[in-house]
1. Using 0.36 nm times the number of residues separating residue 37 and residue 149, minus their current alpha carbon distance, what extension gain do you get?
2. Want the number for residue 209 to residue 140: 0.36 nm per residue separation, take away the alpha-carbon distance, what's left?
3. Using a 10 Å cut-off around each Cβ, can you sort 97, 186 from fewest to most neighbouring Cβ atoms?
4. Among 42, 236, which comes first, then next, by fewest other beta-carbon atoms within 10 Å?
5. Filter the trypsin sites (Lys or Arg not before Pro) in the range 113-158 down to the DSSP loop ones having no more than 14 other Cβ atoms within 10 Å, then list what survives.
6. Using a Förster distance of 25 angstrom, determine the FRET efficiency expected from the C-beta separation of residue 85 and residue 159, and round it to 0.05.
7. If neighbour count is taken as other Cβ atoms inside 10 Å, put 88, 96, 71 in order from fewest to most.
8. Would you mind getting me the FRET efficiency between residue 48 and residue 238? Use the beta-carbon distance for r and R0 = 25 Å, nearest 0.05.
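No value in this document is a laboratory result; all are computed from the given coordinates. Worth saying up front: this structure is predicted, and the values here are computed from it rather than measured. Note: ideal-geometry Cβ built from the backbone for every residue, glycine included; neighbour counts use all protein chains shown.
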Amino acid sequence: MTSKIDEFNAFVSGTGANAIKVNQNFNKIKDTINETIDDIAVLETDINEANIKFDKILSSVFIGQIIPFCRSDYPAGVLPCNGSEYSRTTFNTFYREYLLTGKVLTCSYDVYEEQIATYGHCGMFGLDAINSKFKTPTLDSSFIMPTVLSSEIGKCFKQGLPNITGSFNIGSGQPIATKDHEGAIEPLAIGGAYPYGANATTSTYGAKINASKSNEIYGASEDVLPKHIKYYFGVVVANISEDVSEISWSEVISELSNKLNKPS
């Protein structure tokens, strides 16, 4: 580490300057600058090594990757998946190298709006190439499911449930309660009569549908909800290393050297 210049040869106003002492002062400045240049060279090496490690870390984050976040904001280079619109000038590299080339999935604004109207979300970027604008995917209240088919990437699907089925035997001679039944159908006793056993001979019987009899997922919620937890979802549009200001240490060293060797 470069040491500070603690002492200089001082000269009193009105008296002559000693050439040896003047040269000593300049030599101290020269030595300090040379040490600074050496320190910067070492620092440049350390920073380059750190950048290599940093790039390896960032290589696991890909442009177009959708990521959940357990934090109150979005990191640099990540946009919320809420259908926000951005211009080409704001993210020129992403627009030019990923949207226009098809490296990330896109659709027209018309298709984007159709997806929102039909499904409530859209898993692709909306692209308006004429006006140089784009929209991020909309994933509000959506669940992301893995697929092995390229044709399904970014595709939306409506909610769905398994079919509810059940049956009972309506043959003669016995009340419904004593007949065969299965699935979502079960006997119903009306007016206090018992649907099973010896008392099943009374005439007031019926049948009811109970979907949970066929599958326990029915009745477990008022909506179609798998087990879930909510986070912010964001899409990566810029690699963080592309936004980090880079210092040209070779230029810094060269500039210091030029100042040192510049004739007075």
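1. Difference between extended and current length: 34.7 nm.
2. Values: separation 69, 0.36 × 69 = 24.84 nm, distance 3.41 nm.
The span from residue 209 to residue 140 would gain 21.4 nm if fully extended.
3. 97, 186
4. Numbers: 42 10, 236 19.
Neighbour counts put them in this order, fewest first: 42, 236.
5. Values: sites: 133, 135, 155, 158; in loops: 155, 158.
Here the sparse-neighbourhood loop sites are 155, 158.
6. Working: r = 27 Å, r/R0 = 1.10.
After rounding, the FRET efficiency stands at 0.35.
7. Numbers: 88 18, 96 11, 71 8.
By the 10 Å Cβ count, ascending: 71, 96, 88.
8. 0.70
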